[in-house]
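Engineer: Pasting a structure below so you can have a look.
The values are calculated or read from the model by the stated rules, or taken from the named source; none is laboratory data. Since we're looking at a predicted model, the values are computed, not measured. Here the Cβ is made from the backbone with ideal geometry for all residues, glycine too, and neighbour counts use every protein chain on show. Heavy atoms of the whole protein, side chains included, go into the accessibility calculation; ligands, DNA and RNA do not. Shrake-Rupley method; radii C 1.70, N 1.55, O 1.52, S 1.80 Å.
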Amino acid sequence: MSATVLEAPVGASVTPATYCYDAFDKQFVAERTAQFRDQVERRLAGLLTEEQFKPLRLMNGVYLQLHAYMLRVAIPYGTLSAVQLRRLADIAERFDKGYGHFTTRQNLQFNWPRLVEIPDILEQLAEVEMHAIQTSGNCIRNVTTDQWAGVAADEIMDPRPWCELLRQWSSLHPEFSFLPRKFKIAVTGSPVDRAAVATHDIGLRMKRDGEGRPGFEVLAGGGLGRTPILARTVRAFLPADELLAYVGAILRVYNRFGRRDNKFKARIKILVHEQGIEAFRAAVEAEYAAGEHAAEAALTRAELARIQAHFQPIGYEDDLPERDPGFDRAVFEDEVFAGWVRGNLVRHKVPGYAIVNISLKPVGGIPGDATAAQMRTVADLAERHGLGEIRVTHEQNLVLPHVRLRDVHAVWEALGEAGLATPNLGLISDIIACPGMDYCALATARSIPVAQAVARRFADLDRQRQIGDLKIKISGCINACGHHHVGHIGILGLEKKGVESYQITLGGDAGADAAIGKILGPGFAYDEITDAVETIVDTYLQGRNGPGETFLAFHARVGAAPFKEALYAAR
Amino acid sequence: MQHDENRLVFQDGQFTDDVWVDLPDDGPIPVEGPAIVTLVRLAGDDGEYFLHGGCRIGVRLRPEDRLGDLVPWMARLELIALNFEKFTDGRPYSAARLLRERMGYRGRLRATGEVLVDQYAAMRRCGFDSFVVAKGRALRSWQAARIEMSVRYQAPQESVLERRHARRAVLEVA
Ligand code: SF4
C-alpha cells in the first residue's frame with residue numbers, strides 16, 4: 001500500500017485554477033511541520049504537560065476524541081486539486097481506516113490517526129501544499145466560502161482570492177493566536193448567500209460601490225452554539241483593499257475585551273450582544289481610525305493581484321454551444337439520469353459547462369464520509385473531465401465545478417459505479433449531521449443514526465422530490481456543529497435523565513434571509529424522532545398551496561400551530 | 001517582594017538573573033531602584049515622586065489596566081511588565097503591540113506569569129524583549145527547543161507580503 005502513496009496522477013496532468021504555494025508558503029508549512037514534530041516529541045518525552053500541549057496540538061488540528069486522536073485537515077475555502085484529494089485518499093488508507101469525513105466547515109477529518117504518526121501525515125500533506133494549521137483552537141479558523149465560487153452564474157466576484165489573503169494573514173498571527181474563543185470568517189461573492197455568512201464571527205458579503213469598486217459589507221457577531229445569534233452589520237461598505245486592516249481592528253477589540261471568564265460567553269457574538277452593535281461598532285471604528293493603514297492597503301492590492309492570477313480560469317473550451325445534443329438525448333432517454341441531473345446539476349457561468357454536485361449522503365450512509373476509493377474516483381474524474389478541481393461544501397458534499405455538458409453522462413456513470421450518484425441534493429435526505437455520540441467526546445446524543453433513520457424513511461425518491469427543498473440539520477449536543485438552528489427542520493440531541501431527547505426547531509434558514517429556527521415543543525425520544533419528522537412533513541404536504549409553496553414558505557405562512565397540533569395533540 | 005531565586009530572565013539572547021524588584025503597594029520606595037510598581041501605585045500619591053525621582057522605575061500591568069493611564073509616565077518608564085495570568089490569555093499580545101506601535105514605548109517590555117517557550121516567538125513579534133521563566137521543567141523546555149519560523153505573514157516584522165513586493169520591485173528593474 002505505501003508504495004502507492006507517491007504514485008503519479010492518472011489521466012492528463014492538469015493544473016487547476018487554484019492557489020499554488022510559492023517558495024515562502026512551502027517553507028512556512030515545512031517549518032511548521034518540523035515545529036510540531038518537535039512539540040510531539042517533547043510531549044512524549046514528558047517535557048510538556050497535556051495541558052500545555054493541548055493548545056499547541058489544537059493549533060495543528062489535533063483533537064482528543066472519544067476513542068482516539070482526530071486530525072482535522074484544512075481545505076482552505078473548500079477548494080481541492082485532484083492531486084490533493086488523491087493524497088487524502090492515500091493518507092486515509094495508510095494512517096486511518098480507509099476513509100475520511102468531510103465536515104460542515106469544508107474540512108476533512110481523520111478519526112483514527114496515532115499521535116506519533118501525525119507529524120508524518122503533516123509531511124505528506126505539506127508535499128501537496130496542505131496543512132492542518134488552525135483547524136481548531138481559539139484562533140482564526142479555516143476561512144469558508146460559497147462552494148460554487150468562481151463558477152456560479154449569480155456571482156459578483158470570485159471571493160477566493162480574498163479568502164486566500166485572509167488565510168495567509170491569519171496563519172500563526174502573533175497577536176491573535178490566543179483569542180477568548182474560536183473565530184470563524186466566511187465570505188460570499190454572491191447575493192445568494194451559500195456560505196451562511198450571518199452565522200459566523202465575521203461575515204463578509206462582496207459588494208460594489210457606485211463606481212463599481214469592489215468591497216465588502218462587514219458583519220460581526222454571528223454564531224450558533226448554545227446561544228444562536230445572527231451577525232450584525234459593522235460596516236455597510238468597506239473598500240476591498242482595507243480588508244486585512246479592518247478585520248484586524250475587529251479582532252483586536254475582541255481579543256482585548258471579549259469575555260474570558262466563561263467559556264460559554266467567550267464568542268464575539270456575546271461581546272457584540274452585551275455591548276450593543278452601536279458601541280461595538282464605535283470601538284472597532286476607533287481602533288481602526290487610530291492605526292495607519294495606507295501601506296498595508298497598497299500591499300494588499302499588489303498581493304491580491306498576484307493571488308487573483310492563480311484563480312484565472314484556464315482550460316475552458318471556447319465557444320461551446322449552450323446545449324449539447326448528446327446530453328439532451330441522454331436526459332430524454334434515461335429517467336434515472338434525468339432525475340440526477342435535475343437534482344445535482346447547477347448552471348455554470350461558462351456556456352457548455354455544468355457544475356456537478358456529488359452527494360455524500362447515500363441513504364443509510366454516514367453524512368460526509370468518503371472512502372479512499374471514492375476519493376480517488378472523484379480525483380480521477382476531476383482530472384479527466386473537470387479541469388482538475390474539486391470543491392467541498394459546507395453541506396458535506398463534493399463538487400466538480402467545471403464539467404463539459406458533453407461529459408456529464410460519463411461522469412454520472414462513473415460516479416454511480418462508486419456509489420456516488422445519489423440524486424438527493426437539497427432534498428430531505430441530504431442531511432447535515434455532526435459526528436455526535438459515535439465519535440465526539442462532548443455529545444449528549446447520537447446524530448448520525450438519526451440522520452440514517454430519517455434518510456431511510458424517506459428513501460423513496462419520488463416522495464423526496466414531491467417534498468422538494470427541505471433541509472434537515474442535526475447536532476448531537478448544544479454546541480450545534482450540525483447547524484440545527486438554521487435547518488428548515490433542526491434536530492438537537494440532548495440528554496434528559498440518562499436518555500436521549502431530541503428537540504425540534506422549525507423555520508431556520510442559512511441563506512441570504514438567514515433565520516434561527518424556533519423550538520417547537522417538548523423533545524422526542526430516539527425511537528420517536530423519525531415519526532415526528534414524518535408527521536411534520538405530512539402536515540406540510542397536506543397544508544401547502546401546491547408544490548410551489550416550499551416548506552419554509554408554508555411555515556412562514558401558517559406558523560408552528562398546525563405542526564404542534566399534529567405532533568402533540570395525540571400525546 | 002524580593003528578588004526571586006526560582007526564576008530567570010531571558011533577554012538579549014541569554015538567561016540572566018533579574019535585577020528588578022517587584023515593589024508591593026505599601027512598602028517603602030527604594031532611593032535608586034530599579035523597582036517595578038503597580039499602576040495603582042504609579043498613579044497614586046507617589047506618582048509625583050516617580051515622575052521626578054531618581055530611581056529607575058518599571059510598571060507591572062494587569063490585563064484589565066488601561067494603557068492610556070500610563071501616558072504621563074511614559075518617558076520615565078524603563079520597563080513595562082505584562083502578565084500572562086494563563087498562557088492562553090492572549091490580551092497581553094494586543095497590549096504589547098499598542099505600547100510599541102501606538103504609544104511609542106521603547107523600553108523593556110517584559111512577559112511575566114505563565115511564559116512558555118512555544119509562545120516565545122509570538123511574544124517577541126508583538127514587542128516583548130524580556131521573558132521571566134520559572135526554573136524547572138519550563139526552563140528545560142526553553143533550552144531544549146526554540147524552533148522559530150523564518151516565514152511570517154503579518155506585520156509588525158517584515159512579512160511575506162513585503163518580501164514578495166520586494167521581489168516584484170526587482171523584476172521591474174530587471
Ligand atoms: S454538536 Fe456537539 S456532539 Fe456534535 S460534533 Fe459538535 S460538540 Fe460534538
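Engineer: Can you give me the relative contact order of chain A as a percent, contacts being Cα pairs under 8 Å and 6 or more apart?
Structural biologist: Normalised by residue count, the contact order of chain A is 13 percent.
Engineer: Still on this structure, please answer the following. Suppose every K and R has +1 on its Cβ and every D and E has -1 on its Cβ; what is the size of the dipole of the protein assembly as shown about the Cα centre, in Debye to the nearest 20?
Structural biologist: Using only the charged Cβ atoms, the result is roughly 1000 debye.
Engineer: State whether chain A is rounded, prolate or oblate according to the following rule on the C-alpha gyration tensor (a ≥ b ≥ c being the square roots of its eigenvalues): a/c under 1.5 gives rounded; otherwise a/b larger than b/c gives prolate, and the remaining case gives oblate.
Structural biologist: The shape class here is rounded.
Engineer: Can you find, among A:GLY364, A:VAL403, A:MET375, the residue sitting farthest towards the positive end of the charge dipole of the stretch A:360-419, where Lys and Arg contribute +1 and Asp and Glu -1 at Cβ?
Structural biologist: A:VAL403
Engineer: Counting only heavy atoms of protein chains, what accessible area per residue, in Å², does the stretch A:349-438 have with a probe of 1.4 Å?
Structural biologist: 25
Engineer: Further question on the same structure: Which shape class, rounded, prolate or oblate, goes with the stretch A:186-336 when its Cα gyration tensor gives a ≥ b ≥ c as root eigenvalues, a/c under 1.5 marks rounded, and past that a/b bigger than b/c marks prolate?
Structural biologist: Because a/c hits 1.5 or more and a/b fails to exceed b/c, the stretch A:186-336 counts as oblate.
Engineer: Could you provide, to the nearest whole Å², the per residue accessible area of the stretch A:151-310 with probe 1.4 Å?
Structural biologist: On a per-residue basis, 34 Å².
Engineer: Is it possible to state the helix-based mean residue ellipticity at 222 nm for chain A, with each DSSP H run of 4+ residues giving -39500 (n - 2.57), the sum divided by total residues, to the nearest 500 deg cm²/dmol? What is it?
Structural biologist: So the calculated ellipticity at 222 nm is -11500 deg cm²/dmol.
Engineer: With an 8 Å cut-off on Cα pairs and a minimum separation of 6 or more residues, tell me the relative contact order of chain B in percent.
Structural biologist: Averaging sequence separation for qualifying contacts and normalising by length gives 17 percent for chain B.
Engineer: Apply the Karplus parameterisation 6.51 cos²θ - 1.76 cosθ + 1.60, with θ equal to phi minus 60°, to every residue of the stretch B:29-39 and state each ³J(HN,Hα) to the nearest whole Hz, in sequence, with x for glycine and proline.
Structural biologist: Taking θ as phi minus 60°, the curve returns 8, x, 5, 10, x, x, 10, 10, 10, 7, 5 Hz for the stretch B:29-39.
Engineer: Cα centroid distance between the stretch A:110-159 and the stretch A:223-265, in Å?
Structural biologist: First find each Cα centre; the distance between them is then 22 Å.
Engineer: Here's something else I'd like to know. Skip the ligands, DNA and RNA, and give the accessible area per residue of chain B with a 1.4 Å probe, whole Å².
Structural biologist: Each residue of chain B exposes 49 Å² on average to a 1.4 Å probe.
Engineer: With unit charges on the beta carbons (Lys and Arg positive, Asp and Glu negative) and the dipole taken about the Cα centre of chain A, which residue among A:GLY150, A:GLY352, A:ALA236 sits farthest to the positive side?
Structural biologist: Looking along the dipole axis, the top candidate is A:ALA236.
Engineer: Still on this model: Average partner chain C-beta neighbours within 10 Å, per residue of B:117-123?
Structural biologist: Across the residues of B:117-123, the mean count of other-chain Cβ atoms within 10 Å is 4.
Engineer: How large, in percent, is the carbon and sulfur part of the accessible surface of the protein assembly as shown at a probe radius of 1.4 Å?
Structural biologist: Heavy-atom surface of the protein assembly as shown belonging to carbon and sulfur, 1.4 Å probe: 52 percent.
Engineer: Go through B:54-66, A:473-485 and give me the packing order, highest mean Cβ count within 10 Å leading.
Structural biologist: Order by mean packing, descending: A:473-485, B:54-66.
Engineer: Still on this structure: Interface size between chain A and chain B, please: total buried accessible area, 1.4 Å probe, rounded to the nearest 100 Å².
Structural biologist: Looking at A and B, the buried total is near 3900 Å².
Engineer: Got the relative contact order for the stretch A:151-310 handy, in percent, Cα pairs under 8 Å and 6 or more residues apart?
Structural biologist: 20
Engineer: Which distance in nm do the two modelled labels at B:ASP12 and A:TYR568 give, with both placed 7 Å along the Cα-to-Cβ direction?
Structural biologist: Result: 7.3 nm between the two label points.
Engineer: With +1 on each Lys and Arg Cβ and -1 on each Asp and Glu Cβ, how big is the dipole of the stretch A:489-571 about its Cα centre, in debye rounded to the nearest 20?
Structural biologist: Computed about the Cα centre, the dipole is about 280 debye.
Engineer: Find out how many positive minus negative residues lie around B:PRO156, taking Lys and Arg as positive, Asp and Glu as negative, among other residues whose Cβ is under 10 Å from that of B:PRO156.
Structural biologist: Computed value for this residue: +1.
Engineer: Continuing with the same structure: Just subtract the alpha-carbon distance of A:ASP209 and A:GLU127 from 0.36 nm times their residue separation and send over the number in nm, one decimal.
Structural biologist: 25.4 nm
Engineer: Out of the GluC sites (Glu not before Pro) in the stretch A:274-371, which ones are loop residues according to DSSP with at most 13 other C-beta atoms within 10 Å?
Structural biologist: Passing sites in the stretch A:274-371 are A:GLU292, A:GLU317, A:GLU322.
Engineer: So, one more: Looking at A:ALA82, A:ALA92, A:GLN106, which one has the Cα that reaches farthest to the positive end of the dipole of the stretch A:23-126 (charges on Cβ: Lys, Arg +1; Asp, Glu -1)?
Structural biologist: It is A:GLN106.
Engineer: Averaged over its residues, how many other protein chain Cβ atoms are within 10 Å of peptide B:79-90's Cβ atoms?
Structural biologist: Mean inter-chain Cβ contacts per residue within 10 Å come to 3.
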